[in-house]
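Written out below as structure tokens is the structure these notes cover.
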Amino acid sequence: MQAMVWWDYEYRKKSGLIAYILWFFFGFHYLYLGRIGIQLIYWLTIGGFGFWALIDLFRISGMIERKNEDILRELMAQYRAIGVL
């Protein structure tokens, strides 16, 4: 049954490479992480006038790690709720 959780996790987890590509070319990295409000603020301030964009260069890997941990916790809770785990 744990294989089901891991398969679902592998399907849903976020990629650091994709996040960096979205950050570099479009500034869509917050949208990729599901943070729509922050994304709108990011766009309205043009990436915090460039400062926020530069800071995000170093923060993206941590944001991806936290998002993937949240995804795994969410999946484990869902599978426990239906009695699989």
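Could you point to the label whose value was computed as Kirkwood radius over Cα pairs in Å for the structure here, given (i) 14.0; (ii) 14.3; (iii) 15.7?
Entry (i).
What is the distance, in nm, between label points placed 7 Å from the Cα along the Cα-to-Cβ direction at I21 and at M76?
3.0 nm
Kindly express, to the nearest 10 degrees and within the range 0 to 90, the angle between helix 51-81's C-alpha long axis and the longest C-alpha principal axis of the chain.
The helix 51-81 is inclined about 20 degrees to the chain.
Given +1 on the Cβ of Lys and Arg, -1 on the Cβ of Asp and Glu, and no further charges, what dipole in debye does the chain carry about its Cα centre, rounded to the nearest 20?
In debye, rounded to 20, the chain gives about 80.
Using only Cα atoms and rounding to the nearest 10 degrees, what angle (0 to 90) does helix 2-12 make with the longest principal axis of the chain?
Long axis of 2-12 versus the principal axis of the chain: about 20 degrees.
Could you grab the relative contact order for segment 11-85? Cα pairs under 8 Å, six or more apart, rounded to a whole percent.
Relative contact order, segment 11-85: 36 percent.
Per residue, how large is the accessible surface of the chain? Use a 1.4 angstrom probe and give square angstrom.
On a per-residue basis, 70 Å².
Select from Y30, Y11, Y20 the residue whose mean-square fluctuation is largest in a Gaussian network model of the chain (Cα-Cα springs shorter than 10 Å).
Per the Cα network of the chain with a 10 Å cutoff, Y11 tops the list.
Based on DSSP H runs of at least 4 residues, each adding -39500 (n - 2.57), what is the mean residue ellipticity at 222 nm of the chain after dividing by all its residues, to the nearest 500 deg cm²/dmol?
Here the helix-only value at 222 nm equals -25000 deg cm²/dmol.
The values are calculated or read from the model by the stated rules, or taken from the named source; none is laboratory data. Given the structure is predicted, the values throughout are model-derived calculations rather than measurements. Reconstructed Cβ throughout: ideal geometry from the backbone, glycine too, with neighbour counts over all protein chains shown. With ligands, DNA and RNA removed, areas are computed over all heavy atoms of the protein, side chains included. Shrake-Rupley method; radii C 1.70, N 1.55, O 1.52, S 1.80 Å.
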